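Asks: Below you'll find the structure I mean.
Derivation of every value follows stated rules applied to the coordinates shown; laboratory data play no part. It should be emphasised that the depicted structure is a prediction, and the values quoted were computed from it without experimental measurement. Here Cβ is always computed from backbone atoms with ideal geometry, including for glycine, and neighbour counts include all displayed protein chains.
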């Protein structure tokens, strides 16, 4: 492992630990001002769906892009943790029998298996709502205009024109496989939208000029494509024990992926090209962006 690899791994691990600690605090049974009570079983299900390990890549990208541009580390951690709540909601709902029907997530029973379907739906609903609560709260110490921008950008990334819409397209793909353009649109929405937001959020927190926001949006969009392509490769080449979730499900359901369309060799070459593209987007920032460069390599390397 190189020195840069070690620095990246340390930062990734430290951020994951900080997110976990903040999630534990935020997901306590004690009600906040304006709340009436927090049902114990619901809170336990929310914790089961979010305090279950994982790399916490999305909050890491918020923290690191904010760090690159001089944004508040404390605000970035809160925004990143809000994003993680929203991401975990999506996983809980995606795992439901009406959606992807999965029994395992990160090596543990999915929320609807550990509890029940109704509780899983409510746990996802609550995490989704809480994401916007966390950003909007005064504890997220950024100017009011930036707070509003973050809420709007996350809503657009998560809703019908972003992640949720991408899941709808993914379900439709089980009945009619999309062409290459359709697959790329689906993946840019279902997976890429939150990764794009994660990188854009750092620029919003830092109050950076539009050119930085657009450049980091492009970086997030590029690694989002790489992330999904690596995921599709893993679905083909890995096993359930390694993944911590069911392997081979996309192929089994006949879902269209770029790997299925073009083959493993093409996908691996495309991953390399996306990595180069992501690194080039960071070139104006010099050595200050080295951790983000390692993040791009990490995303592509998940397939190996």
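Asks: At q = 0.13, 0.16 Å⁻¹, what log₁₀ I(q)/I(0) does the chain have when each alpha carbon counts as one equal point scatterer in the Debye sum?
Replies: For the chain at q = 0.13, 0.16 Å⁻¹, log10 I(q)/I(0) is -0.92, -1.43.
Asks: Right, something else. Please give, to one decimal in nm, the separation of the simple spin-label points placed at residue 101 and residue 151, each 7 Å out from Cα toward the Cβ.
Replies: For the pair residue 101/residue 151, the computed spacing is 3.9 nm.
Asks: Contour minus end-to-end for residue 144 and residue 41, with contour as 0.36 nm per residue of separation and end-to-end as the Cα-Cα distance?
Replies: Full extension from residue 144 to residue 41 adds 33.6 nm.
Asks: Using 0.36 nm per residue of separation minus the Cα-Cα distance, give me the extension gain between residue 108 and residue 28 in nm, one decimal.
Replies: Details: separation 80, 0.36 × 80 = 28.80 nm, distance 2.12 nm.
My answer for the length gained is 26.7 nm.
Asks: Additional query: What does the helix-only formula give at 222 nm for the chain: each DSSP H stretch with n ≥ 4 adding -39500 (n - 2.57), the total divided by the residues, and the result rounded to the nearest 500 deg cm²/dmol?
Replies: Values: 16 runs with 213 residues, N = 304.
When only DSSP H runs of four or more count, the value is -22500 deg cm²/dmol.
Asks: At 0.36 nm per residue, and after removing the present C-alpha to C-alpha distance, how many nm does the segment from residue 261 to residue 283 gain when stretched out fully?
Replies: Working: separation 22, 0.36 × 22 = 7.92 nm, distance 3.22 nm.
Additional length available on full extension: 4.7 nm.
Asks: Specify the inter-centroid distance of segment 78-112 and segment 136-197, based on alpha-carbon positions, in whole Å.
Replies: 15 Å
Asks: Mind pulling the per residue volume of the convex hull built on the Cα atoms of segment 150-231? Å³ is fine. Kindly include the intermediate steps, with their values, before the conclusion.
Replies: Details: hull volume 6.5 nm³, N = 82.
Taking only Cα atoms, segment 150-231 has a hull volume of 80 Å³ per residue.
Asks: Here's another thing I want to ask about it. Please give, to one decimal in nm, the separation of the simple spin-label points placed at residue 117 and residue 5, each 7 Å out from Cα toward the Cβ.
Replies: 4.6 nm
Asks: If you take the square roots of the eigenvalues of the alpha-carbon gyration tensor of segment 120-180 and sort them as a ≥ b ≥ c, do you get rounded (a/c under 1.5), prolate (a/b over b/c) or oblate? It would help to have the intermediate numbers written out before the result.
Replies: Values: a/c = 5.63, a/b = 2.01, b/c = 2.81.
Oblate shape, in that a/c is at least 1.5 and b/c is the bigger or equal ratio.
Asks: With 10 angstrom as the radius, rank 132, 227, 197 by how many other C-beta atoms surround their C-beta, starting from the fewest. Mind showing how you got there, number by number?
Replies: On the way: 132 17, 227 25, 197 28.
Arranged by neighbour count, lowest to highest, 132, 227, 197 become 132, 227, 197.
Asks: Label residue 290 and residue 184 with points 7 Å out from Cα along Cα→Cβ: what is the distance between them in nm?
Replies: In this crude spin-label approximation the distance works out to 3.4 nm.
Asks: Return 56, 215 ranked ascending by Cβ neighbour count within 10 Å, so the fewest neighbours appear first. Mind dumping the intermediate values first?
Replies: Values: 56 24, 215 20.
Fewest-to-most Cβ neighbours within 10 Å comes out as 215, 56.
Asks: What share of all Cα pairs of segment 8-102, in percent, falls into each consecutive 10 Å distance bin?
Replies: For segment 8-102, the pair-distance distribution reads 15, 42, 31, 12, 0.
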